[in-house]
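Colleague: Take this structure, written in structure tokens, and hold onto it; I'll ask about it next.
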């Protein structure tokens, strides 16, 4: 990852590494969006030359033994986040951690709430409230308006596996938690997405927990340390 590299090179490299390690195929078409395109949710061109000072959102994962995965990381192209990028990154990570901390097996949902899914048990609401009470945009407005998608979805044989989202999360379920903030005015998008499993005791297991999550871990890995 460095300036002046085309997004498609990163996409191709990841697909090669998945295949070399036993994945049958990609779980979905990789998204590698830098600069302004980090704010585009389903950007698919992967054809932008990455520039120093920008971030890149990489939403990409492989399929192994017929099971999909879905993982996103946001990286600073030059290897270090700016102060503003770090601020937004830490808010997104904080929202994900808040949702994890609020999880209760048999009670929590990942929906936005409603008649059959009260907001008191909605992990989406937890993440939204965190984002909306931390940081501001360039006009002094709360950041909740820039969290423009759901908190997560089920994962299984399909990357978006069908299930009833009004049913509380419980043992055996696999799903994502993926808060994000996307500010086109600043050419700044951040999403952090991990896969989770609820074990038979009701404990929330972060399946992708070995991957770097904090800004410090990301920068350290990019520096080859």
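Colleague: Subtracting the Cα-Cα distance from 0.36 nm times the residue separation, let me have the gained length for residue 82 to residue 64 in nm, one decimal. Please list the in-between numbers first.
Modeller: Values: separation 18, 0.36 × 18 = 6.48 nm, distance 3.58 nm.
Using 0.36 nm per residue and subtracting the Cα-Cα distance, I get 2.9 nm.
Colleague: Is region 102-225 best put as rounded, prolate or oblate by its Cα gyration tensor, with a ≥ b ≥ c the root eigenvalues, rounded for a/c under 1.5, and otherwise prolate when a/b is larger than b/c, oblate when not? Before the final figure, lay out the partial values.
Modeller: Numbers: a/c = 2.11, a/b = 1.24, b/c = 1.70.
Verdict is oblate for region 102-225.
Colleague: Moving on to the next point. Given points 7 Å out from each Cα along the Cα-Cβ axis, report the residue 136 to residue 2 separation in nanometres with one decimal.
Modeller: About 4.0 nm, to one decimal.
Colleague: For region 1-103, what class follows from the C-alpha gyration tensor (a ≥ b ≥ c being the square roots of its eigenvalues): rounded when a/c is under 1.5, otherwise prolate if a/b is larger than b/c, else oblate?
Modeller: oblate
Colleague: Roughly speaking, what % of Cα-Cα pairs in region 5-48 are separated by over 13 Å, rounded to a whole number? Let's see the in-between values first.
Modeller: Details: 505 of 946 pairs.
Value for region 5-48 (Cα pairs over 13 Å): 53 percent.
Colleague: Go ahead and estimate [θ] at 222 nm for the chain from helices alone: -39,500 (n - 2.57) per DSSP H run with n ≥ 4, summed, over the residue count, rounded to 500. If you can, show how the numbers build up before the last one.
Modeller: Numbers: 4 runs with 52 residues, N = 225.
Result for the chain, helices only: -7500 deg cm²/dmol.
Colleague: Sort region 7-222 into rounded, prolate or oblate with this rule: let a ≥ b ≥ c be the square roots of the eigenvalues of the Cα gyration tensor; rounded if a/c is under 1.5, and if a/c is not under 1.5, prolate when a/b is larger than b/c, oblate otherwise. Before the final figure, lay out each step's value.
Modeller: Details: a/c = 1.85, a/b = 1.14, b/c = 1.63.
Oblate is the answer for region 7-222, as a/c is 1.5 or above yet b/c matches or exceeds a/b.
Colleague: Please report the antiparallel percentage of DSSP beta bridges with both residues in the chain, rounded to the nearest 5.
Modeller: Working: 28 of 29 bridges.
Around 95 percent antiparallel, to the nearest 5.
Colleague: Report the relative contact order of region 7-222, percent, no decimals, based on alpha-carbon pairs under 8 angstrom and at least 6 residues apart. Intermediate results must be reported in sequence, preceding the final value.
Modeller: Details: 479 pairs, mean separation 45.9, N = 216.
Relative contact order, region 7-222: 21 percent.
Colleague: Using the number of other C-beta atoms within 10 angstrom as an exposure proxy, rank 47, 137 with the fewest first.
Modeller: Numbers: 47 12, 137 15.
Fewest-to-most Cβ neighbours within 10 Å comes out as 47, 137.
Quick note: the coordinates plus some simple rules give every number you see, no bench work behind them. Since we're looking at a predicted model, the values are computed, not measured. Here the Cβ is made from the backbone with ideal geometry for all residues, glycine too, and neighbour counts use every protein chain on show.
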